[in-house]
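Undergrad: Okay, handing you the structure first.
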């Protein structure tokens, strides 16, 4: 594994996070008075901080393939909008019922349940609108939409959330189910982020495949690290409620395998992510750093 | 206005409804065991009847422009998926809180709130997936996605629902607000259906514009007729709870202008819809019939 430059990744995330935030701010300007309340709820969550891991990944993947960051910006914004909608809906009382997100009241606590449902719906819809309107090449635009729909939909993120709720209901301890949940609920959208970056750079199928594999392992490493943080960090550090998984008897890598084994698995997935980058030279160094970063982060 | 052939439209809706239903049945086959519960909830609502007005409109608009129905089928399915997701979310306790839809328990009554939220999310996502995967020409696919996102999103259907809830909360009697609500909440997606049909047929910009105008007026006529039916029909006839608007003191054409005036407005909108079809010959006769049908329907 390439040597770690500890400050590189937080700097990259901050830099790209700010550029993505500026682009999202433009894309989500309320066009008229009547739509202002809805856009206020959408903007509250989208512009309310967050690690910006997924949009940064879109851009770093594009740059790894030799493409300009600018071409990846619409896809970066679309992915962040989809991620944010999923947080809003996951926090709802009927779902994970969480009052806190990114260190602030969750969307339904701030604006009410109806508005939170609708703000999520609107963000999901506008994500596809951004890809359709803002991506220059029609074939690329369409390919990105297919990729995003597949990663976010019934056999992707939404499917993973259903499986997660089902596992909670049945108090399942099935390791294959845990694997499926994490692949669909988290890894699918992270893998799609890497793929969208490659598509924005008009990369060869070979490189797209490598980045899909990288993103899949990165996503699993990220989710295992999330499980570890839930079990070991504080609510103040996370900006969301900590310790919920154990309290809910939830199926996670930590509750199933224990902290130490979960740590080893996270590191192994990060290594596999780096291995998948073998076809790339130094242009993929930030992606290599990112793989190490996601398992070492503290929030 | 062309002379009415009363049986023509119900026959058309039934015929196209069945073909669209068969296509939706194929598109929404659960690909694996883990996703079966989610697909069951999606299929329950999508394949659970309904007038199929929007998908039929997509196909009839394509045929009016000389295109084959087959080319319009992906867009017809996508529009029906978006319409169904909106019904599922509108029925939720936090929104209109309705137990009955299409003559059966609404989605959350049957599967629980969490599953209903997720089934709606998945249908919205898959709608864009269908356009991205199933529309042959990339430029057309992308144009359709932009049109659908704009009609369904924050300044379309979702925005209309927000404005509707806001009007209910403030007990507004503002006729301009009523107009905006109906345009966004209902007419936008109906107008988009007509436009998607024209795009599927690769129609000229001139014809696309005419069909957008037709669809806008048709949508308003449809919504006013809906308000009239809510006030005058029975729950058994409608397959959803009747008389809710008046009970909730809701802002509708009937509560604002009275039944007779609402009827005149609906007929006037239907006439305007037909007028917008002036550039078309007999190929648009089914669309002319449809305009009369939506204001004369009994459910």
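Just so you know, all these numbers are worked out from the coordinates, no wet-lab data involved. What you see is a predicted model, and the numbers here were worked out from it, not measured in a lab. Don't worry about glycine lacking a Cβ; one is built from the backbone with ideal geometry, like all the others, and counts go over all protein chains shown.
Here's the yes/no breakdown for (1) within 30 Å of residue A:298 (Cβ to Cβ); (2) surrounded by fewer than 24 Cβ atoms within 10 Å (Cβ to Cβ); (3) without any contact (Cβ under 8 Å) to a residue 12 or more places away in the chain:
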{"site": "A:172", "(1), (2), (3)": "yes, yes, no"}
{"site": "A:209", "(1), (2), (3)": "no, yes, yes"}
{"site": "A:212", "(1), (2), (3)": "yes, yes, no"}
{"site": "A:221", "(1), (2), (3)": "yes, no, no"}
{"site": "A:231", "(1), (2), (3)": "yes, yes, no"}
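Undergrad: Let me ask something additional. Return the only residue of B:107, B:77 being within 14 Å of chain A (Cβ to nearest Cβ), surrounded by 24 or more Cβ atoms within 10 Å (Cβ to Cβ) and either more than 19 Å from the chain's Cα centre (by Cα) or within 30 Å of residue B:211 (Cα to Cα) (or both).
TA: Answer to the selection: B:77.
Undergrad: Which numbered condition in (1) farther than 24 Å from residue A:67 by Cα; (2) out of contact with any strand residue (DSSP E or B) (no Cβ under 9 Å at 6 or more places or on another chain); (3) surrounded by 13 or more Cβ atoms within 10 Å (Cβ to Cβ) is the only one that residue A:239 fails?
TA: (2)
Undergrad: Are any of the residues in region A:100-108 part of a helix (DSSP H, G or I) and under 26 Å from residue A:192 (Cα atoms)?
TA: For region A:100-108, residues part of a helix (DSSP H, G or I) and under 26 Å from residue A:192 (Cα atoms): present.
Undergrad: In region B:150-268, which helices (runs of 4 or more DSSP H) lie fully inside it and hold 2 or more residues that are under 25 Å from residue B:94 (Cβ atoms) and within 13 Å of chain A (Cβ to nearest Cβ)?
TA: Passing ranges, in order: B:157-170, B:175-182, B:188-200.
Undergrad: In addition: Could you tell me which of the residues A:165, A:177 is surrounded by fewer than 24 Cβ atoms within 10 Å (Cβ to Cβ) and within 18 Å of residue B:119 (Cα to Cα)?
TA: Answer to the check: A:165.
Undergrad: Right, something else. Among the residues of region A:93-101, are any within 28 Å of residue A:279 (Cβ to Cβ), within 10 Å of chain B (Cβ to nearest Cβ) and either in contact (Cβ under 8 Å) with a residue 60 or more places away in the chain or surrounded by fewer than 24 Cβ atoms within 10 Å (Cβ to Cβ) (or both)?
TA: So far as region A:93-101 goes, no, none of its residues is within 28 Å of residue A:279 (Cβ to Cβ), within 10 Å of chain B (Cβ to nearest Cβ) and either in contact (Cβ under 8 Å) with a residue 60 or more places away in the chain or surrounded by fewer than 24 Cβ atoms within 10 Å (Cβ to Cβ) (or both).
Undergrad: Can you report the number of residues in region A:268-299 which are in contact with a helix residue (DSSP H, G or I) (Cβ under 6 Å, 6 or more places away or on another chain) and under 23 Å from residue A:176 (Cβ atoms)?
TA: Residues flagged as in contact with a helix residue (DSSP H, G or I) (Cβ under 6 Å, 6 or more places away or on another chain) and under 23 Å from residue A:176 (Cβ atoms) within region A:268-299 amount to 6.
Undergrad: OK, next. Going through B:56, B:23, B:41 one at a time, which residue ends up being under 24 Å from residue A:150 (Cβ atoms), in a helix (DSSP H, G or I) and away from chain A (no Cβ under 14 Å)?
TA: The unique qualifying residue is B:23.
Undergrad: Out of the residues in region A:52-67 that are closer than 25 Å to residue A:100 by Cα and touching a helix residue (DSSP H, G or I) at 6+ places or on another chain (Cβ under 6 Å), which is surrounded by the fewest Cβ atoms within 10 Å (Cβ to Cβ)?
TA: A:52
Undergrad: Just give me the residues in region B:132-149 being in a helix (DSSP H, G or I), more than 7 Å from chain A (Cβ to nearest Cβ) and under 18 Å from residue A:153 (Cβ atoms), in sequence order.
TA: Once the filter is applied, which keeps residues that are in a helix (DSSP H, G or I), more than 7 Å from chain A (Cβ to nearest Cβ) and under 18 Å from residue A:153 (Cβ atoms), region B:132-149 yields B:134, B:144, B:148.
Undergrad: Same structure, new question: Any chance you could count how many residues in region A:241-267 are more than 23 Å from residue A:216 (Cα to Cα) and out of contact with any helix residue (DSSP H, G or I) (no Cβ under 9 Å at 6 or more places or on another chain)?
TA: 1
Undergrad: Taking the conditions exactly as written (over 16 Å from the mean Cα position of the chain (by Cα) and in contact (Cβ under 8 Å) with a residue 12 or more places away in the chain), does residue A:138 satisfy them or not?
TA: Spelling it out, it is not the case that residue A:138 is over 16 Å from the mean Cα position of the chain (by Cα) and in contact (Cβ under 8 Å) with a residue 12 or more places away in the chain.
Undergrad: Could you go through region B:32-40 and let me know if any residue there is within 14 Å of the chain's Cα centre (by Cα) and in contact (Cβ under 8 Å) with a residue 60 or more places away in the chain.
TA: No.
Undergrad: Scan A:87, A:118, A:124 and give me the residue that is within 15 Å of the chain's Cα centre (by Cα), in a helix (DSSP H, G or I) and at the interface with another protein chain (Cβ under 8 Å from one of its Cβ atoms).
TA: Unique residue meeting the criteria: A:124.
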